[in-house]
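To start, the structure under review is shown below, and the notes come after it.
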Amino acid sequence: MILTVLIAALAFATPRDIAVSRLLPAAPALAASMWTVLPTILLGASCALIMLGLNLFYTDLGTPYTTAAIAAVTLAAAYASHVRIRREEALLQIRLVADAAQQVLLRPLPSRLGGIEIESLYVAAQAQARIGGDFYEAAETPHGVRLLLGDVRGKGLSAVGAASALISCFREAAHDEPDLTGVIRRLETSIGRHSAAHPSPDLPERFATALLAEIPRDGSHVKLLNCGHPPPLLVHRGETYVLEPSEPSPPLNLAALVKDNYHADTVPFTPGDQLLLYTDGVTETRDHDGEFFPLHHWMRQQKPVPPHQLLDRLHEDLLRFSDGRLDDDIAALSVRYPKPGPLDVSDIP
């Protein structure tokens, strides 16, 4: 509309030999990119009326040709607007389906599980993506709070399918198996069956790294079983530690190629401690010089904050560090054992 008014004003104010009025067909053409069909047609009609009004003052502007051009462009713009709206509606439906799938696969976690504060972060590398090969889950079980964080090699539907199979298996095995070794063996079986049922050219290279954590009800320690995954970070009594596994365990779907010995480590986890689990998309984020994000150094600089604030800072600093260019999916879990607060008199019977 602004363009139409501007062209009309210039057409009245400038000499006839400049013929600014010939730019009027541009207005409905631009309107098709943001307006619906009817407003686009009405704008084209308005441009035609403006051209007829100019003809009352200037008879040598080539009004029939410009009016015909306005009519042709308006019809083409109306059709383009119709096609755009149909595509936008289809894209909206696809996004709704993707959002529903994400709610099933990567459902929001409760802020507390078994007295432990927990928060999740998931960022897809592609701007329009909703889900990918990174996955996480948490469950409150008779054995304590159990966490799963992993990364399926590759991208696309095959990676999403493998991640879905592992999450579904964990939701059952976390409650049934008495120890983490039993859970990881169930996950190994699950991804093996999924790979056999859905063969693909990259099948020999399809595997997943995974990290299992178990925090018992008393919260005095945390058990970790790391299957080829980046080591988590633990803030214990103000000091930051990188929890490398004492013995390596094979990634999922590779147990048949290497020794399938699984080993869980136990580390202290006391009130005030914070645990950060993450995928390699965090540590492999690069700046413009190609340097990796210094997660350990970053963690040491953070003050004790609730898990959601820690992950918000992490996300913001990753975007700032990479100038907004995240080349890989990112998933992270932040867990904190809260310190006991002051006694509330209202809680006393």
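Quick notes on this one:
- Residues of segment 312-327 classified as crowded, with 20+ Cβ neighbours inside 10 Å and over 16 Å from Thr240 (Cβ atoms), total: 2
- The criterion of being within 49 Å of the chain's Cα centre (by Cα), surrounded by fewer than 14 Cβ atoms within 10 Å (Cβ to Cβ) and either among the aromatic types (Phe, Trp, Tyr) or farther than 9 Å from Pro25 by Cα (or both) holds for Tyr79.
- Scanning segment 259-297 for residues that are within 19 Å of Thr181 (Cβ to Cβ) and either loosely packed, with under 12 Cβ neighbours inside 10 Å or of a type in the set (Ser, Thr, Tyr) (or both), we see that the one that is modelled with the lowest pLDDT is Lys259.
- In segment 1-32, residue surrounded by the most Cβ atoms within 10 Å (Cβ to Cβ) [restricted to those that are of a type in the set (S, T, N, Q) and modelled with pLDDT under 85]: Ser21
- On the stretch given as segment 319-333, residues that are out of contact with any Ser or Thr (no Cβ under 8 Å at 6 or more places or on another chain) and at pLDDT 85 or above total 3.
- Per the conditions (1) in contact with a Phe, Trp or Tyr (Cβ under 7 Å, 6 or more places away or on another chain); (2) assigned to a strand (DSSP E or B); (3) not hydrophobic (A, V, I, L, M, F, W, C), the sole criterion not satisfied by Gly219 is (2).
- Scanning segment 322-345 for residues that are closer than 19 Å to His229 by Cβ and part of a helix (DSSP H, G or I) yields nothing.
- Verdict on Ile50 being among the β-branched types (Val, Ile, Thr) and surrounded by 19 or more Cβ atoms within 10 Å (Cβ to Cβ): yes
The values are calculated or read from the model by the stated rules, or taken from the named source; none is laboratory data. Being a predicted model, the structure only gives us computed values, none of them experimental. Don't worry about glycine lacking a Cβ; one is built from the backbone with ideal geometry, like all the others, and counts go over all protein chains shown.
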